[in-house]
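**Student:** Below: one structure in structure tokens.
The values are calculated or read from the model by the stated rules, or taken from the named source; none is laboratory data. Values in this document were obtained by computation on a predicted structure and should not be read as measured data. All Cβ positions, glycine included, derive from the backbone under ideal geometry; neighbour counts span all protein chains shown.
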Amino acid sequence: MNHNREITEPAISPEEMNQRVAVLKRFRDLLLEQRNRFRRYLEVLDTQKNVIEQGNTEQLLSHVDLEEKILGDIFSIQKVIDPLDHMYRSAFPKEDAREVPELKSVVEGLKTEAVIRMKRNRELLSTRMTQIRSEIKSLQGNPFIGRPSIHADSGVPSFLDISG
């Protein structure tokens, strides 16, 4: 009686192997896309930090628009990655390519870093908005704000010519 018998799994058909390879390649490609988008997002957040500190509102608006677009792209890809990961794991539970878990780890790290930088920028923006509100309130207390200048043309004639 041989207790050291190896249990062999049935051979995988070429079609199934091609399917596994295709799924794994697509999954890897999506993770690479996700990684690149998160890197780009981090760059945008860094630039946005500088724009907030400088107080350039037009640039800030363009950065917020760009941030929203990048976040939308990231969430779109994430919607595909999660089901693909689940499908791959359920179809091939014993398969574990090294590159995919490493990529997922990198993407998660970039995601965490993006959240940290986004929170930092929100705090900076909140501080900047508080400063602006304070400046506006100080201007509202100025007695000369909102009053017409004695030197300004009010558009109302001061003399009326009745001679015709």
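Rundown of residues vs (1) modelled with pLDDT of 70 or more; (2) among the small types (Gly, Ala, Ser), yes/no style:
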| site | (1), (2) |
| --- | --- |
| Glu102 | yes, no |
| Gly109 | yes, yes |
| Ile116 | yes, no |
| Ser126 | yes, yes |
| Gln131 | yes, no |
| Leu139 | yes, no |
| Arg147 | no, no |
| Ala152 | no, yes |
| Ser158 | no, yes |
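**Student:** Another question, if that's okay. Is there any pair linking a residue in the stretch 124-140 that is within 17 Å of Asn56 (Cα to Cα) to one that is in a helix (DSSP H, G or I), with Cβ under 6 Å and at least six apart or on different chains, and which?
**Tutor:** What qualifies is Leu124/Ile52; Leu125/Ile52; Arg128/Ile52.
**Student:** Which members of the stretch 48-70 meet the condition of being surrounded by 16 or more Cβ atoms within 10 Å (Cβ to Cβ) and not aliphatic (A, V, I, L, M)?
**Tutor:** Listed by number, the residues that qualify are Gln48, Lys49, His63, Glu67.
**Student:** Another one. Scan the stretch 22-34 and tell me whether some residue there is out of contact with any helix residue (DSSP H, G or I) (no Cβ under 6 Å at 6 or more places or on another chain), modelled with pLDDT of 80 or more and either in a loop (DSSP other than H, G, I, E, B) or hydroxyl-bearing (Ser, Thr, Tyr) (or both).
**Tutor:** Checked the stretch 22-34: no residue is out of contact with any helix residue (DSSP H, G or I) (no Cβ under 6 Å at 6 or more places or on another chain), modelled with pLDDT of 80 or more and either in a loop (DSSP other than H, G, I, E, B) or hydroxyl-bearing (Ser, Thr, Tyr) (or both).
**Student:** A further question follows. Which condition number in (1) modelled with pLDDT of 80 or more; (2) surrounded by 13 or more Cβ atoms within 10 Å (Cβ to Cβ) is the one that Glu43 fails?
**Tutor:** Just one mismatch for Glu43, condition (2).
**Student:** Restricting attention to the stretch 53-92, report how many residues are among the basic types (Lys, Arg) and over 19 Å from Glu108 (Cα atoms).
**Tutor:** Selection size over the stretch 53-92: 1.
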